[in-house]
Structure formats: structure tokens, C-alpha cells
Amino acid sequence: PKDSRDFYKFSIVLPREADIDAEHISVLTPLCLAVLGRACGQIVSWETPVGTREMRIIAIEKAGTLAAV
């Protein structure tokens, strides 16, 4: 299905850090599993309750270094 937003920016995080309002998506979601290991320019697809979704990856940014506390 076509979405009203043309652009999505999100961070892939561990499940305990997921917060949809902050655009932090769990690594275990179908969307994140679809984009992991992909490159810029690739089109990915994943299943949702309303059908298959599709998007093109236009940028990938590495987040800050993780540190154990």
C-alpha cells in the first residue's frame, strides 16, 4: 500500500530500546530484518498485516559507538 510519507528515517535498536515515537525500531521487526545487510539503492520488501510493503534505501548512517555500562 502507498503511504502518505515519502521518506522514513529510523534507528535500528535492541528490542528493549524500541520507541516508535522516537523512530527507534527493534532489530527483530520485519522491517529491520529486511534492511539489515542491504546497500544504498536496494529495494527491500517486508510483510505487514495489511500486505507487502516496499522501499528503496537511500542512505545508511552508522550510529555512535556502543559502550557497556
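Values as computed for the structure displayed
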| item | result |
| --- | --- |
| Gained length - Ala59 relative to Tyr8, 0.36 nm times residue gap less alpha-carbon distance | 17.3 nm |
| Sites Glu17 and Trp46, calculated FRET efficiency, Cβ-Cβ separation with R0 25 Å, nearest 0.05 | 0.80 |
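None of the figures in this text is laboratory data; all of them are computed from the coordinates on show. Every value quoted in this text rests on a predicted model; they were computed, and no experiment measured them. Because the Cβ atoms are built from the backbone with ideal geometry, glycine has one as well, and the counts that use them run over all protein chains shown.
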